[in-house]
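The values are calculated or read from the model by the stated rules, or taken from the named source; none is laboratory data. The structure presented is a predicted model; accordingly, all values stated were derived computationally and were not measured. Remember, those area values only see protein heavy atoms, side chains included, never the ligands or the DNA or RNA. Shrake-Rupley method; radii C 1.70, N 1.55, O 1.52, S 1.80 Å.
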Amino acid sequence: MSRDNTSRSRRQFLRAGVTGMAALQLAAVARGAAASELPRLDEADVTAKALNYVHDAMQVSAETRGAAVNVCATCRFFTAASDGWGPCTLFPGKAVAAQGWCKGWVAKS
């Protein structure tokens with residue numbers, strides 16, 4: 001298998017995993033979990049560390065983060081903000097900072 005095929009397969013696998021996590025979070029939202037009821041994600045959380053999550057996107061270099069607007073509030077996986085925090089499908093059951101960032105960031109469509 002060529003390197004391009006391996007990279008493509010890995011992206012497809014990751015995309016499927018993210019979609020599955022999104023479905024889990026949507027189920028939690030459907031049960032009525034309000035952002036204010038969710039515990040805030042700790043940057044030391046295992047999943048947060050794996051996705052390089054930070055509460056303040058400006059702590060991440062511009063080369064890594066991309067455009068200045070690449071924050072949780074503009075991400076497809078971020079649902080809504082309450083008090084500057086909201087649920088994210090990448091971190092089920094946790095609230096993330098609207099001005100945060102992780103390497104799972106995807107633009108809202």
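Just so you know, in the range 1-56 the residues that are at pLDDT below 95 and among the acidic types (Asp, Glu) include one that is nearest to Gly104 (Cα to Cα), and it is Asp4.
Restricting to the range 78-103, what's the tally of residues that are open to solvent by 20 Å² or more (accessible area, probe 1.4 Å), in a loop (DSSP other than H, G, I, E, B) and either among the hydroxyl-bearing types (Ser, Thr, Tyr) or under 19 Å from Arg15 (Cα atoms) (or both)?
3
May I ask you to list the residues in the range 53-77 that are of a type in the set (Asp, Glu) and not in a loop (DSSP other than H, G, I, E, B)?
Glu63, the sole residue that qualifies.
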